[in-house]
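Q: Got a structure here, written out as structure tokens. Questions coming.
None of the figures in this text is laboratory data; all of them are computed from the coordinates on show. No experiment lies behind these values; they were computed from the predicted model shown. Glycine gets a Cβ as well: all are built from the backbone with ideal geometry, and neighbour counts include every protein chain shown.
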Ligand code: GLC
């Protein structure tokens, strides 16, 4: 899809003015002055830098519109966030009004009619394919992508060079060879060094890792015709489960605590302390690894996850979408906040500040972004070919079953 240059150049001042006018109108309608603005709650979780970003966003929104937004802080773990939200939504509670949702829950939230349709959104600014796949249900737009995720392989460029490897691995087999060699040498002075770290704990992240070990032909293999049954017992998946198990128990390049403790932040911190050659993680880790005080700053590279034997590489599609609860008592205000979060200016700040991949496609051509985040166009390609998890209403239950079995395999 082509990017509409004019669209990206629409004067932010004009948009902001109309937003402020809308807010003033809504407040006046509600009979509220600035001092008695209605309560609006936004539920959001994530890594510490993410929460700091959201604090700034709500503060600026309040400054610009006079409407405060209360942040309901959630843990980073996606399953825990979903469970907390479901309690409020099942009970039809008026708060939270605005929710940030993992792409993995959209099928459930839409089928449960927990989201109010979004009005007044300029759809062409967003990736068509993502909106159609994830956010539009029965022709109605229920959410908007704030940021898109694709699983990546981070590697220590300096160590690969030191050991004479010119390229990061393109296959899991090569990763095993490189990781085993480098780990053996590094352990002579650092017994806690690992060849490869990834997310093996029993939670949603384990599923996305499994998708990448299994490659493009594996994971949730679906029939292309009704009744769309999903198959898991296919050779690619059996090979992936063996490989994941063997990384821990046979090759011993991944820590034993992979299956009890490893989630994204555990992986990110260990890699950042210089304790691994390879790490599987999402794009958010890049900016943190490159912070001025990071021991691995300037020493890393990033590529797509390797390919399994006889298969193609796959990157899991992740990401977080924003929507308004159907039970919200301040729906128009909540919608205005959603449009603000997804506006060009706020999304641009998110990219420059956190290095995340925006849900808006027009930002991938922004000159300042292209200069500061040179790999953004590579990410655009990775995102558009990434493997989605099944967008079915019962996906969280399906995921829980697979998580349990897979995690018990990893436990030996
Ligand atoms: C990231 C992804 C999300 C995924 C989660 C798994 O937050 O954006 O889609 O479900 O990681 O831990």
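Q: Over all distinct Cα pairs, what is the inverse of the mean 1/r for region 281-412, reported as the Kirkwood hydrodynamic radius in Å?
A: One decimal place: 18.0 Å for the Kirkwood radius.
Q: Using only DSSP helix segments of four residues or longer, with each worth -39500 (n - 2.57), what per-residue ellipticity at 222 nm results for the chain after dividing by its residue count and rounding to 500? Don't skip to the answer; put the middle values down first.
A: On the way: 17 runs with 179 residues, N = 412.
Taken over the chain, the calculation gives -13000 deg cm²/dmol.
Q: When every alpha-carbon pair in region 203-328 is counted, what percent end up more than 23 Å apart?
A: 44 percent
Q: Also: Under 37 °C and 0.692 mPa s, how fast does region 185-274 diffuse according to Stokes-Einstein, given a Kirkwood radius computed over C-alpha pairs? Answer in µm²/s, whole number.
A: For these conditions, the coefficient is 227 µm²/s.
Q: Sorted from fewest to most neighbouring beta carbons within 10 Å, what does the list 166, 122 look like?
A: Going from least to most buried by this count: 166, 122.
Q: So, one more: Determine the gain in length on full extension of the stretch residue 349-residue 39; use 0.36 nm per residue of separation and subtract their C-alpha separation, reporting nm with one decimal.
A: 109.0 nm
Q: Going by average Cβ neighbours within 10 Å, how do the peptides 181-193, 44-56 rank, with the highest at the top? If you can, show how the numbers build up before the last one.
A: Numbers: 181-193: 14.2, 44-56: 16.8.
Top of the packing list down: 44-56, 181-193.
Q: Please find, in a Gaussian network model of the chain (springs between Cα atoms separated by less than 10 Å), the residue of 311, 195, 215 whose mean-square fluctuation is greatest.
A: 311
Q: Ok, one more. When you take every Cα atom in region 219-265, what is the radius of gyration, and what is Dmax, the widest Cα pair distance, in Å?
A: Cα only, region 219-265: 14.9, 43 Å (Rg, Dmax).
Q: Right, here's the next one. Based only on other Cβ atoms within 10 Å, what is the fewest-to-most ordering of 376, 322?
A: 376, 322
Q: Does region 285-362 classify as rounded, prolate or oblate by the C-alpha gyration tensor (a ≥ b ≥ c root eigenvalues; a/c under 1.5 gives rounded; else a/b over b/c gives prolate, otherwise oblate)?
A: Taking the square roots of the gyration eigenvalues as a ≥ b ≥ c, region 285-362 is oblate.
Q: Which whole number of Å³ per residue matches the convex hull of the alpha-carbon atoms in the chain? Walk me through the numbers before you get to the answer.
A: Values: hull volume 59.6 nm³, N = 412.
So the per-residue Cα hull volume is 145 Å³.
Q: Could you please state, rounded to a whole Å, how far the C-alpha centre of region 251-298 is from the C-alpha centre of region 388-412?
A: 23 Å
Q: Ok, one more. Grab the eigenvalues of the alpha-carbon gyration tensor for region 125-259, scale each by 5, take roots, and send me the semi-axes largest first in whole angstrom.
A: Working through the eigenvalues yields semi-axes of 35, 19, 14 Å.
Q: Restricting to the chain, what percent of DSSP beta bridges are antiparallel, rounded to 5?
A: The antiparallel fraction comes to roughly 70 percent.
Q: Still on this structure, please answer the following. Quick one: in region 86-151, what % of C-alpha pairs are over 14 Å apart?
A: Tail of P(r) above 14 Å: 59 percent of Cα pairs.
Q: Can you tell me the length gained on complete extension of the stretch residue 384 to residue 59, counting 0.36 nm per residue apart and subtracting the Cα distance?
A: 113.7 nm
Q: Taking neighbour counts of Cβ atoms within 10 Å as a proxy for exposure, in what order, fewest first, do 327, 271 appear? Numbers along the way, then the final one.
A: Numbers: 327 17, 271 27.
The most exposed by this proxy come first: 327, 271.
Q: With each pseudo-label sitting 7 Å past Cα toward Cβ, what's the residue 158-residue 124 distance in nm, one decimal?
A: 4.8 nm
Q: What distance in nm separates the simple spin-label points at residue 370 and residue 180, each placed 7 Å from Cα in the Cβ direction?
A: Roughly 4.5 nm, to one decimal.
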